[in-house]
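A short reminder: the numbers here are calculations on the coordinates, not readings from a lab. Remember, predicted model here, so these are calculated numbers, not experimental data. Here Cβ is always computed from backbone atoms with ideal geometry, including for glycine, and neighbour counts include all displayed protein chains.
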Amino acid sequence: MADSSSNSSLANPFEDPLRFQRRLEPVALVIFGANGDLTMRKLLPALYRLAYERRLPAGFAVIGNSRTPMTDDAFRQKMYESVKQFLEDSAFDEDLWMEFARKLHYIAGDLNDPACYEAIKAKLAEVDQDHATGGNILYYLSTQPSYYAPVIEHLGAAGLAPKSANPFGAGYRRLVIEKPFGHDLETARTLNDVVQRVFPEQDVYRIDHYLGKETVQNVFAFRFGNGIFEPLWDRRYVNHVQITAAESIGVGGRGAFYQETGALRDMIQGHLLQIMATVAMEPSAVFEPDAVRDERAKLLRSIRIMKDSEVLANAVPGQYGPARIGGEEIKGFRQEDKVSPDAQTDTFASATFFVDNWRWAGVPFYIRSGKRLPKRVTEIAIQFNEAPHSVFSGEPLGSFGGRPNMLILRIQPEEGISLRFLSKQPGTGMRLRPVSMDFNYGTSFGARTPTAYETLLVDVMAGDSTLYTRQDMVEASWQVVRPIMEVWGNTKFDFPNYEAGSWGPRAAEEMLGRHGHQWRTP
Ligand code: BG6
């Protein structure tokens, strides 16, 4: 791994606009919710991996906080176990861990108690001395969402936020807020009012980890780094777009949370609308945070808001029922732990959206996401129009095995891109068959891709918000899903309506059938 500090060609290495080699300033990272799932599964493995690749600044420390009493050593042991368990490959090195673990600290405390923030302040002063964190502080909110506002207010009151006197001299104060940002439009606005009172917008990083995924970023590279696709990228050539995020797992231990959330809020409001915006946005003039985010926000604001009377035809929910798969009994959602036996939660959500602008007028964007589908796969499929006329003895081109000319951007797993087209089958006759031209990330680059959290943590330490969402984007996407949430909330659906291990309810197929389309099977 190259030492980024040797990069002298950049005027300001903290602001490398192409995001290649960024030298990070020292920082203390305060994680609220340090005993939670996200910290253990994603944040600590990502931080450890950055340490392994020598990408963390030399002056670095973590202060974990949660209510559970623990010593620094007990916290380190807990993180040791989770990093070993959740690190995505075998990069674990005991010696490096010892070095990294010395930077981990812990403060137990009740987030509603001002004393907790005084203890954090004292610990920050200590780590600033011991680990030379340079007065920079990054707060990471990974608690239950109901704590977000109180924590932010307490940080302000304790003088720990930028808009208060700064006890550590110069240095930045940045705030990362995990999703969900609000539970609906109104709560998102209320939370934002609190944020804005305490942190200036430039220091606020609302996370949507899908934007940090390597392959979602590659949508930019693919669209705007090549000259041959963009001319086709509009209503004249694109017939429709399908975005799928399927998970094979159920809700696991998150039954109570998920029952109140559902797939529309959990996956579509954030992750999938962000993907849709990335696929459909206009090119920004430069690859810089506000330029890119302005275009994404503009696209989100151009998505047509459904009228209540249109919702049931254009947005279909589902909930998985029990099934027997490969000899194993799979519980239905209503039988999961901490889920009510008559829950009306959507574990599957699908919708047809239209973008009301010149580029996309009339092109349907079909979006679906669900738990307990047959496999874990996230992909974007762009279906181009058929050739206008078949010269092959009048045989409709569709008769050669489905619509040709589909471009599939595979987000995960097996990251890559495929283009389907018709080819002549070998033989004396003129038979055609769809074939596929494939690019595979792993094979082409042979390198490991960083996880979304590695990318996003480096970005926030570098002060780069390109891949973070902004309040206007958050509000625009709540606006898009609002009528769906309301109409679904007032409708009693006949759940469960799909078997665990199937591709979702029949009504989701019918939704596309009405436009003469069908979901592809990834
Ligand atoms: C989270 C959702 O934001 O994303 C989870 O809350 C979901 O329900 C997860 O499982 C999926 O993320 P990934 O990166 O595994 O596709």
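Between the DSSP loop rule and a limit of at most 10 other Cβ atoms within 10 Å, which trypsin sites (Lys or Arg not before Pro) in the range 297-349 are left?
Of the trypsin sites (Lys or Arg not before Pro), the ones in loops of the range 297-349 whose Cβ has at most 10 other Cβ atoms within 10 Å are 307.
Calculate how large, on average over all directions, the projected area of the Cα convex hull of the range 289-430 is; give the answer in nm² to one decimal.
15.3 nm²
Name the residue from 142, 74, 124 whose Cα lies farthest towards the positive end of the charge dipole of the chain, charges +1 on Cβ of Lys and Arg and -1 on Cβ of Asp and Glu.
The one lying farthest along the dipole's positive direction is 142.
Starting at 0 and stepping by 10 Å, how many percent of the alpha carbon pairs of the range 109-220 end up in each bin?
13, 42, 31, 13, 2
Say the cut-off is 30 Å between C-alpha atoms; which of 213/375; 84/179; 42/123; 307/371; 42/492 go over it?
Over 30 Å apart, Cα to Cα: 42/492.
Just report the Cα centroid separation between the range 414-456 and the range 322-341, whole Å.
Each part's Cα centre sits 35 Å from the other's.
If only Cα atoms are counted, what is the Rg of the range 28-187, and what is its Dmax, in Å?
Cα radius of gyration and Dmax of the range 28-187 are 15.4, 49 Å respectively.
Can you give me the long-range amide H partners of residue 104? Hydrogens built in the peptide plane at 1.01 Å from N, cutoff under 5 Å, separation of 5 or more residues or another chain.
Close amide H contacts, sequence-distant or interchain: 62.
Work out from phi, with θ = phi - 60° and the Karplus expression 6.51 cos²θ - 1.76 cosθ + 1.60, the ³J(HN,Hα) of each residue of the range 113-122, listed in order in whole Hz, and give x for Gly and Pro.
9, x, 4, 4, 6, 5, 5, 5, 4, 5
Arranged from highest to lowest average of other beta-carbon atoms within 10 Å per residue, in what order do the peptides 80-87, 408-415 appear?
Most protected by this proxy first, the peptides run 408-415, 80-87.
Looking only at the chain, where both bridge partners belong to it, what percent of the DSSP beta bridges are antiparallel (to the nearest 5)?
Among the beta bridges of the chain, antiparallel pairing accounts for roughly 55 percent.
Let me know the charge dipole size of the range 363-496 about its Cα centre in debye, to the nearest 20, where only the beta-carbon of Lys, Arg (+1) and Asp, Glu (-1) is charged.
Once rounded to the nearest 20, the dipole reads 600 debye.
Projected onto the charge dipole of the chain (+1 at Lys/Arg Cβ, -1 at Asp/Glu Cβ, origin at the Cα centre), which of 500, 360, 481 gives the Cα projection farthest towards the positive end?
Farthest towards the positive end: 360.
Ignoring solvent entirely, what values of log10 I(q)/I(0) come out of the Debye formula for the chain at 0.08, 0.09, 0.10 Å⁻¹ when each Cα is a single scatterer?
-0.55, -0.70, -0.86
With +1 assigned to the C-beta of every Lys and Arg and -1 to the C-beta of every Asp and Glu, and no other charges, what is the dipole magnitude of the range 146-250 about the Cα centre in debye, to the nearest 20?
About 220 debye.
For the range 263-387, calculate the relative contact order in percent as a whole number, restricting contacts to Cα pairs under 8 Å that are 6 or more residues apart.
After rounding, I find 24 percent.
From the helices alone, meaning DSSP H stretches of at least four residues, give me the mean residue ellipticity at 222 nm for the chain, per-run term -39500 (n - 2.57), in deg cm²/dmol to the nearest 500.
Helices in the chain give a 222 nm mean residue ellipticity of -10000 deg cm²/dmol.
What does the highest-first list of 260-272, 135-147 look like by mean Cβ count within 10 Å?
By packing density, highest mean first, the sequence is 260-272, 135-147.
On average, how much area does the Cα convex hull of the range 180-223 cover when viewed from any direction, in nm²?
4.2 nm²
Going highest first, how would you order 109-116, 197-204, 479-486 by mean Cβ packing within 10 Å?
Ranking, from highest mean packing down: 479-486, 197-204, 109-116.
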